[in-house]
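The values are calculated or read from the model by the stated rules, or taken from the named source; none is laboratory data. This one's a predicted model, so the numbers in the text were calculated from it and none came from an experiment. As a convention, Cβ positions derive from the backbone with ideal geometry for all residues, glycine included, and neighbour counts pool all protein chains shown.
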Amino acid sequence: MQERTETNKPPLVKVCGRRGAAEGYAIRDFLYRCDIPFEWVELDSDEAARSQAGVQSLNDSRLPVCIFPDGSRLECPTIRQIIEKLGWFTTPSRSEYDVAIYGAGPAGLSAAVYGASDGLKTVLVERWALGGQAGSSSRIENYLGFPEGISGADLAERAREQAMKFGVEILLARAGVRAELQPGKGIGYLEDGTRIVAHASICATGVQYRRLGVPGEDRFLGAGVYYGAGASEATLTRDEDIYIVGGGNSAGQAAMHFAQFARRICILIRGDSLNNTLSQYLIDRICSAGNISVLPRTEVVALHGRDVLEEVTLADRRENREYNVKTRWLFVCIGGAPQTDWAKEVGIERDAAGYLLTGPDLLHGRERPRNWPLERDPYHLETNAPGVFAAGDVRHGSVKRCASAVGEGAMAVALVHRYLSNC
């Protein structure tokens with residue numbers, strides 16, 4: 001049994017499901033990222049399924065089951081159904097907004113708070129959960145003002161409360177599918193048919209986790225293979241061996257969090273050491289931890305298991321050999337790639353990796369971007385489409401740090417004001 005009750009609040013959701021089920025993981029991950037207290041009940045027999053979840057067996061298609069304090073239940077629910085039950089699902093109240101923000105990571109949440117507090121009619125659209133990739137971090141220790149550290153979920157929840165206080169409309173579980181640009185306004189179309197019209201837009205969609213590229217990878221997603229820091233799963237790894245792929249700060253933070261529960265943690269990196277990719281404070285802690293080891297120049301080349309992950313094949317490039325290890329836990333923290341296909345469709349310029357080009361990066365010498373219609377240069381965070389801004393990890397040349405993303409979100413709002421005043 002796992003509880004997410006750090007805030008000393010009673011669980012708002014009891015989730016009953018079987019081990020290694022991707023649907024259960026998706027719900028746990030969402031609830032954790034949104035800082036919603038929950039209780040996870042792992043069903044290990046048909047009898048448990050009947051007595052605790054009210055279904056016939058472990059193979060019942062109604063699992064997982066979510067049970068709420070009022071006694072109501074949702075069987076194999078979607079994230080949207082859970083959001084609706086919790087009262088978080090809203091529809092746009094306006095036909096037009098001053099600014100629409102896409103992505104509720106640190107940059108998007110910051111932009112929402114500053115935009116609404118400045119009096120702008122603001123809507124914030126998020127395809128998954130609050131906090132972005134930072135929301136999955138168990139503890140951010142180098143963020144200014146939190147000397148004891150703060151979890152990404154807690155930071156995101158505080159930002160959500162601030163945004164709601166200032167009147168931001170937050171649309172969760174809504175993925176954007178396409179965009180349309182018209183003079184003086186942008187139109188975003190969401191997957192459920194919702195249409196968002198705004199005089200200015202801020203893209204803060206961050207990046208999607210990069211995949212390993214190993215055969216059968218999708219089959220084990222949420223059933224042994226997890227992308228990101230996986231903080232929601234930490235207590236479930238008690239007394240087990242886990243493997244983390246990646247040498248950046250997210251991997252290091254995950255290792256330190258798992259070290260409180262797992263028997264052994266192995267960090268797999270392609271390079272020779274962590275010195276060039278990890279903050280020194282994390283290196284020092286990893287070196288002093290008794291149950292963390294680093295395997296340099298080691299890669300995952302195969303995954304094995306019937307219904308869930310059971311074994312991983314590792315390739316040691318130093319000794320030019322492959323070998324198998326038993327594990328039910330593989331966490332992948334190898335960065336990400338921006339999801340900006342929509343930008344290509346409307347003519348917004350990107351770099352070779354797909355990141356959005358803004359401000360000075362759009363200029364060729366002193367020449368303005370092709371088809372730029374104004375008599376001024378693009379503002380610093382403005383794309384080649386006037387009134388469309390980018391902030392945070394999705395932007396070319398951004399600093400991949402939480403504090404930097406928050407700063408860019410605030411800066412984007414200042415530039416939105418400048419843009420709107422000159423329209």
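Annotations
- Any chance residue 167 is farther than 22 Å from residue 29 by Cα, assigned to a strand (DSSP E or B) and of a type outside the set (Phe, Trp, Tyr): no
- Of the residues making up region 154-169, those that are of a type in the set (A, V, I, L, M, F, W, C), in contact with a strand residue (DSSP E or B) (Cβ under 9 Å, 6 or more places away or on another chain) and touching a residue at least 24 places away in the same chain (Cβ under 8 Å) are 155, 163, 166, 168.
- The conditions of being within 30 Å of residue 104 (Cα to Cα) and out of contact with any helix residue (DSSP H, G or I) (no Cβ under 8 Å at 6 or more places or on another chain) are met by residue 39.
- Subset of region 284-312 [buried (at least 17 other Cβ atoms within 10 Å of the Cβ) and either under 18 Å from residue 142 (Cβ atoms) or among the hydroxyl-bearing types (Ser, Thr, Tyr) (or both)]: 285, 286, 298
- Some residue of region 113-127 being of a type in the set (Gly, Ala, Ser), farther than 21 Å from residue 342 by Cα, in the same structural domain as residue 390 (by TED's automatic domain parsing) and buried (at least 24 other Cβ atoms within 10 Å of the Cβ): yes
- Pair list, Cβ < 6 Å and 6+ apart or interchain, from region 170-198 residues that are closer than 21 Å to residue 33 by Cβ to residues that are among the acidic types (Asp, Glu): 172/126; 175/191
- Subset of region 196-210 that is among the aliphatic types (A, V, I, L, M) and in a loop (DSSP other than H, G, I, E, B) - its residue that is farthest from residue 338 (Cα to Cα): 204
- Odd one out for residue 385, checked against (1) touching a Ser or Thr at 6+ places or on another chain (Cβ under 6 Å); (2) surrounded by fewer than 24 Cβ atoms within 10 Å (Cβ to Cβ): (1)
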